[in-house]
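Colleague: My structure is below; once you've seen it, I'll send some questions.
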Amino acid sequence: MAIAAAFHASIRTTGARGATVAALLLAALAVPAGAQTLDRLTKGEPFRIGYRQFAPPYSYAASNGQPSGYIVDLCREVADALKRSLKLPNMAVDYVKVSAEDRFEAVRDGRIDILCEPTSMTMSRRALVDFSLPTFLDGAGVVTRGSAVKGLEELRGKKVGVLKGTTTEETLRATLSQMGITATIVTVTDHPDGLKQLADGKLDAYFGDRGILNYLIANTAFGSRLSLSDQYFTFETYALGLPRGDQTFRLLVDTTLADLYRTDRIRDIYAKSFGKFPPDQFLNALFVINGVPK
């Protein structure tokens, strides 16, 4: 009754905007609290890491089929912390593939314990999952054949590919609409397919996270024919997706990340996926700000 009263009061006092906020609040309250992860693990159940197959260098299946990537490695650090904290040196770790479309439901429904991929934090997603301390800062860029674009105006009348079910797709549609740019948006199910369609001339441009696009261009046979724009068209803050309401587990995850950020260990993990190129000023700032004292 109190929740319903607050909802209707919000509509009366703040109009449509208040209704939207209140609706998100009700959606969040309707989601059952996450299973108590640590209790489940002490009973011998495996720790389940959710990862994406095609989101390198953050989260992907390597050529040998093994889950790999910068954010997957962060989750391995979490798994090691769980083993130490719970005194379970032989704790099993299962890796579960998720897609861009079902990743948040996988956390909400208990199919995975932690979402380890380039997940952008948004307020609407908080209705489904909790988030850890930030793991990375990235932004959207545009890939084209030949010379790189300097602005979104150059996409007018073009076929533009984007990964389905992502904040990048939402941003692309909203931004083009606001700028009055008419373009045909083509959604794809994974980044390699999108870049292949671009290289084959089926798309005129491809819009996606710069870190992923940069990695794929450098590691595909046709990458020399593609150019990534220098400009960032969005800024995205990534974090690990966690079950709602499981505060003990979230504290352990955040403690693990903060401990890494205060030491050079985070730079070793970073170098494993990104090579000799050091973290930029934004990522260095993220490490400093989120290296929360014990």
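Colleague: Taking T135 and the conditions (1) surrounded by fewer than 20 Cβ atoms within 10 Å (Cβ to Cβ); (2) modelled with pLDDT of 95 or more, which numbered condition does it fall short on, given that it satisfies the others?
Modeller: Here T135 clears every test but (1).
Colleague: Would a scan of region 105-125 turn up a residue that is among the small types (G, A, S), in the same structural domain as P57 (by TED's automatic domain parsing), surrounded by 14 or more Cβ atoms within 10 Å (Cβ to Cβ) and touching an Asp or Glu at 6+ places or on another chain (Cβ under 6 Å)? Step through it out loud before you land on a result.
Modeller: Taking region 105-125 first, the residues among the small types (G, A, S) are 106, 110, 120, 124.
From what is left, the residues that are in the same structural domain as P57 (by TED's automatic domain parsing) are 106, 110, 120, 124.
Going one step further and asking which of them are surrounded by 14 or more Cβ atoms within 10 Å (Cβ to Cβ), we end up with 106, 110, 120.
Now restrict to residues that are touching an Asp or Glu at 6+ places or on another chain (Cβ under 6 Å): 120.
Looking through region 105-125, at least one residue is among the small types (G, A, S), in the same structural domain as P57 (by TED's automatic domain parsing), surrounded by 14 or more Cβ atoms within 10 Å (Cβ to Cβ) and touching an Asp or Glu at 6+ places or on another chain (Cβ under 6 Å).
Colleague: Within region 1-95, considering only helices (runs of 4 or more DSSP H) that don't extend past its boundaries, which have at least 2 residues that are among the basic types (K, R) and either at pLDDT 95 or above or in contact with a Lys or Arg (Cβ under 6 Å, 6 or more places away or on another chain) (or both)?
Modeller: 70-86
Colleague: Please specify each residue of region 200-213 satisfying the condition of being surrounded by fewer than 19 Cβ atoms within 10 Å (Cβ to Cβ) and of a type outside the set (D, E).
Modeller: Residues of region 200-213 that are surrounded by fewer than 19 Cβ atoms within 10 Å (Cβ to Cβ), as a first pass: 200-202.
Selection gives G201, K202.
Colleague: Please give the number of the condition L198 fails out of (1) free of Cβ contacts under 8 Å to residues at least 12 places away in the same chain; (2) not in a loop (DSSP other than H, G, I, E, B).
Modeller: Here L198 meets the rest and fails (1).
Colleague: Same structure again: State the number of residues belonging to region 275-287 that are part of a helix (DSSP H, G or I) and loosely packed, with under 11 Cβ neighbours inside 10 Å. Quick ask: steps written out before the conclusion?
Modeller: The initial filter retains those residues of region 275-287 that are part of a helix (DSSP H, G or I), namely 281-287.
Going one step further and asking which of them are loosely packed, with under 11 Cβ neighbours inside 10 Å, we end up with 281.
Here the count works out to 1.
Colleague: A follow-up question, please. Applying the selection to region 242-294, what residues are of a type in the set (K, R) and touching a Leu at 6+ places or on another chain (Cβ under 7 Å)? Show your work before the answer.
Modeller: The first filter runs over region 242-294 and keeps only residues of a type in the set (K, R), leaving 244, 250, 262, 265, 267, 272, 276, 294.
Matches in region 242-294: R250 only.
Colleague: While we're looking at this one, here's another question. Please find, among T248, T220, the residue that is farther than 30 Å from A81 by Cα, of a type in the set (S, T, Y) and either at pLDDT 95 or above or surrounded by 13 or more Cβ atoms within 10 Å (Cβ to Cβ) (or both).
Modeller: T220
Colleague: Right, another one. Looking for something modelled with pLDDT of 95 or more, small (G, A, S) and not in a loop (DSSP other than H, G, I, E, B) - is there at least one such residue anywhere in region 99-108?
Modeller: Within region 99-108, one or more residues are modelled with pLDDT of 95 or more, small (G, A, S) and not in a loop (DSSP other than H, G, I, E, B).
Per-residue answers, yes or no, for (1) in contact with a Phe, Trp or Tyr (Cβ under 6 Å, 6 or more places away or on another chain); (2) part of a loop (DSSP other than H, G, I, E, B):
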residue: A221; (1), (2): no, yes
residue: D230; (1), (2): no, yes
residue: Y238; (1), (2): yes, no
residue: F249; (1), (2): no, no
residue: L257; (1), (2): no, no
residue: L260; (1), (2): no, no
residue: S273; (1), (2): yes, no
residue: I289; (1), (2): no, no
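Colleague: From the set of residues in region 152-181 that are at pLDDT below 90 and in a loop (DSSP other than H, G, I, E, B), which is surrounded by the fewest Cβ atoms within 10 Å (Cβ to Cβ)?
Modeller: Only one residue fits best here, namely G165.
Colleague: Looking for something among the polar types (S, T, N, Q), touching a Leu at 6+ places or on another chain (Cβ under 9 Å) and closer than 26 Å to D73 by Cβ - is there at least one such residue anywhere in region 135-149?
Modeller: Within region 135-149 (the criterion being among the polar types (S, T, N, Q), touching a Leu at 6+ places or on another chain (Cβ under 9 Å) and closer than 26 Å to D73 by Cβ), the answer is yes, since at least one residue qualifies.
Colleague: Another question about this same structure. Among the residues of region 269-290, are any over 20 Å from the mean Cα position of the chain (by Cα) and on the phi > 0 side of the Ramachandran plot?
Modeller: Looking through region 269-290, at least one residue is over 20 Å from the mean Cα position of the chain (by Cα) and on the phi > 0 side of the Ramachandran plot.
The values are calculated or read from the model by the stated rules, or taken from the named source; none is laboratory data. Model, not experiment: these values are computed from the prediction. Cβ atoms come from the backbone with ideal geometry, glycine included; neighbour counts cover every protein chain shown.
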